[in-house]
Amino acid sequence: MSDFITTYEIYIRLSFFFGIFILMAIWEMLAPKRALTTSKLLRWLNNLGLVVLNSLILRWLFPAATVGLAILAHQAGWGLLNYYQLPIWMSIVIAVTAMDFMIYLQHVMVHAIPLLWRLHRVHHADLDYDVTTGIRFHPLEIILSMLIKFAMIIILGPPVIAVIIFEVVLNALAMFNHGNIALPKTVDWLLRWLIVTPDMHRVHHSVEDDETNSNFGFNLSCWDRIFGTYRQQPRAGHQNMTIGIHQFKQAKQVVWITGLLILPFQGKIKEYAINTRRWNSGSD
Ligand SMILES: [Zn+2]
Ligand SMILES: [Zn+2]
């Protein structure tokens, strides 16, 4: 089974990607949560253009990707889990959870360090919130994420299958929790005890600083609850909240792919190296 998954890894990942993407696209079309503010065709062409560009860059820079490195780590005996030889199911649970925690920490870091926030704001500057927002990142942030995952794989030595599960789940849930969809309140409440739901992550895309600096999780919702970064709902409500970043509102900056590629280099560097959380007056 595990050999089968490793051999057909690329097909499994692509099937999940296209399957979930199409499912979310249809769901958003039939029952959107919020009305879009910008042309969907224009946004999708540019957001998906960026996704294609990122895939080509990753393929060119790191052809073996995370799975290749996990195989190498396994053969060389690198990493904690290769050293301790736990039962496979236990190694998978530990590896997937640990990698998800690392993604949470990385997300907090790209908000806290102004230089990295410059890259990450390409994800946040989207004027609407839908399935394509979930996969829209600047190429330099994609490369940074890959290098962090590489470091994690070398230290952790996760089973190859755990890396594939993690990549598939991260990709699928990123598209799900950026969905412009309305889940029934009870379903959202129940799901939130385990995973990040669209309503939970939408708070993170608010223009309000304190709301942006909350709900950093991508898969498991527990990290935000444990580390005190959890926010249940946006102050203005899901219908009235504004999505995006205050200072970037023009289509040529935040919709067109050319604008997205140069967005990290816009504006002067004036902040201190580590941001403090700036709470709005009246918030907790
Ligand atoms: Zn973010
Ligand atoms: Zn997001």
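Inspect the range 129-139 for any residue being part of a helix (DSSP H, G or I) and farther than 21 Å from residue 168 by Cβ and give the result as yes or no. Give the derivation first.
Residues of the range 129-139 that are part of a helix (DSSP H, G or I), as a first pass: 133-135, 139.
Among the residues that remain, those that are also farther than 21 Å from residue 168 by Cβ are: 139.
Yes, the range 129-139 contains a residue that is part of a helix (DSSP H, G or I) and farther than 21 Å from residue 168 by Cβ.
Is it the case that the range 57-79 has a residue that's under 22 Å from residue 254 (Cβ atoms), out of contact with any helix residue (DSSP H, G or I) (no Cβ under 9 Å at 6 or more places or on another chain) and modelled with pLDDT under 95?
Kept after step one, since they are under 22 Å from residue 254 (Cβ atoms), are these residues of the range 57-79: 57.
Okay, now just the ones that are also out of contact with any helix residue (DSSP H, G or I) (no Cβ under 9 Å at 6 or more places or on another chain), so none.
No, there is no match, as no residue in the range 57-79 is under 22 Å from residue 254 (Cβ atoms), out of contact with any helix residue (DSSP H, G or I) (no Cβ under 9 Å at 6 or more places or on another chain) and modelled with pLDDT under 95.
Of 187, 168, 196, which residue is among the aliphatic types (A, V, I, L, M), under 22 Å from residue 13 (Cα atoms) and out of contact with any Leu (no Cβ under 9 Å at 6 or more places or on another chain)? So that I can check it myself, show each step before the final result.
On the way: 187 fails: under 22 Å from residue 13 (Cα atoms); 196 fails: out of contact with any Leu (no Cβ under 9 Å at 6 or more places or on another chain).
Result: 168 is the single residue among 187, 168, 196 that is among the aliphatic types (A, V, I, L, M), under 22 Å from residue 13 (Cα atoms) and out of contact with any Leu (no Cβ under 9 Å at 6 or more places or on another chain).
Six or more apart or on different chains, Cβ under 8 Å: which pairs go from a residue in the range 160-174 that's more than 16 Å from residue 73 (Cβ to Cβ) to one that's of a type in the set (D, E, K, R) and buried (at least 18 other Cβ atoms within 10 Å of the Cβ)? Could you list them?
Qualifying pairs under 8 Å: 170/100.
Yes/no matrix, rows are residues, columns are (1) near ligand 2 (Cβ under 10 Å from one of its atoms); (2) hydroxyl-bearing (Ser, Thr, Tyr); (3) outside any helix (DSSP H, G or I):
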| site | (1), (2), (3) |
| --- | --- |
| 179 | no, no, yes |
| 200 | no, no, no |
| 216 | yes, no, yes |
| 224 | no, no, no |
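Examine the range 108-118 for a residue that is outside any helix (DSSP H, G or I) and either open to solvent by 30 Å² or more (accessible area, probe 1.4 Å) or within 16 Å of ligand 2 (Cβ to nearest atom) (or both), and state whether such a residue exists. First the steps, then the outcome.
Quick first cut of the range 108-118, residues outside any helix (DSSP H, G or I) only: 113.
Still in the list and also either open to solvent by 30 Å² or more (accessible area, probe 1.4 Å) or within 16 Å of ligand 2 (Cβ to nearest atom) (or both): 113.
Checked the range 108-118: at least one residue is outside any helix (DSSP H, G or I) and either open to solvent by 30 Å² or more (accessible area, probe 1.4 Å) or within 16 Å of ligand 2 (Cβ to nearest atom) (or both).
Checking residue 231 against (1) assigned to a helix (DSSP H, G or I); (2) within 16 Å of ligand 1 (Cβ to nearest atom); (3) of a type outside the set (Asp, Glu); (4) open to solvent by 10 Å² or more (accessible area, probe 1.4 Å), only one condition comes out false. Which one?
Going through (1) assigned to a helix (DSSP H, G or I); (2) within 16 Å of ligand 1 (Cβ to nearest atom); (3) of a type outside the set (Asp, Glu); (4) open to solvent by 10 Å² or more (accessible area, probe 1.4 Å) one by one, residue 231 breaks only (1).
Considering (1) within 16 Å of ligand 2 (Cβ to nearest atom); (2) touching a residue at least 40 places away in the same chain (Cβ under 8 Å), say which one residue 153 fails and leave the rest.
So the condition that residue 153 fails would be (1).
For the structure I just gave you, tell me whether residue 103 is hydrophobic (A, V, I, L, M, F, W, C), open to solvent by 10 Å² or more (accessible area, probe 1.4 Å), more than 16 Å from residue 173 (Cα to Cα) and touching a residue at least 24 places away in the same chain (Cβ under 8 Å).
No, not satisfied.
Among the listed residues 145, 55, 91, identify the single one that is within 16 Å of the chain's Cα centre (by Cα), polar (S, T, N, Q) and over 30 Å from residue 246 (Cβ atoms). Write out each step before concluding.
Numbers: 145 fails: over 30 Å from residue 246 (Cβ atoms); 91 fails: within 16 Å of the chain's Cα centre (by Cα).
Answer to the check: 55.
Any residue in the range 184-212 that is on the phi > 0 side of the Ramachandran plot sitting within a Cβ distance under 9 Å of a residue that is outside any helix (DSSP H, G or I) and open to solvent by less than 10 Å² (accessible area, probe 1.4 Å)? List the pairs, counting only those 6 or more apart or interchain.
Final answer for the pair search is none.
Condition check: out of contact with any His (no Cβ under 6 Å at 6 or more places or on another chain), modelled with pLDDT under 95 and among the hydrophobic types (A, V, I, L, M, F, W, C). Does residue 245 satisfy that? Let's see the steps before the verdict.
Numbers: out of contact with any His (no Cβ under 6 Å at 6 or more places or on another chain): no; modelled with pLDDT under 95: yes; among the hydrophobic types (A, V, I, L, M, F, W, C): yes.
When the stated conditions are applied, residue 245 does not pass them.
Could you tell me whether any residue of the range 181-202 is surrounded by 18 or more Cβ atoms within 10 Å (Cβ to Cβ), closer than 30 Å to residue 72 by Cα and within 16 Å of ligand 1 (Cβ to nearest atom)?
No; the residues of the range 181-202 include none that is surrounded by 18 or more Cβ atoms within 10 Å (Cβ to Cβ), closer than 30 Å to residue 72 by Cα and within 16 Å of ligand 1 (Cβ to nearest atom).
Let me confirm something: among 167, 141, which residue is open to solvent by less than 40 Å² (accessible area, probe 1.4 Å) and within 12 Å of ligand 1 (Cβ to nearest atom)? Step through it out loud before you land on a result.
Numbers: 167 fails: within 12 Å of ligand 1 (Cβ to nearest atom).
Answer to the selection: 141.
Of all residues being surrounded by 12 or more Cβ atoms within 10 Å (Cβ to Cβ) and of a type in the set (A, V, I, L, M, F, W, C) in the range 1-13, which is nearest to residue 131 (Cα to Cα)? Just the residue, please.
Selected residue: 12.
The values are calculated or read from the model by the stated rules, or taken from the named source; none is laboratory data. Here the structure is a predicted model, which means the values were calculated and not measured. So basically every Cβ, Gly included, is an ideal-geometry build from the backbone, and we count neighbours across all protein chains shown. When the accessible area is computed, the model is the full protein with side chains, heavy atoms only, and any ligands, DNA or RNA have been set aside. Shrake-Rupley method; radii C 1.70, N 1.55, O 1.52, S 1.80 Å.
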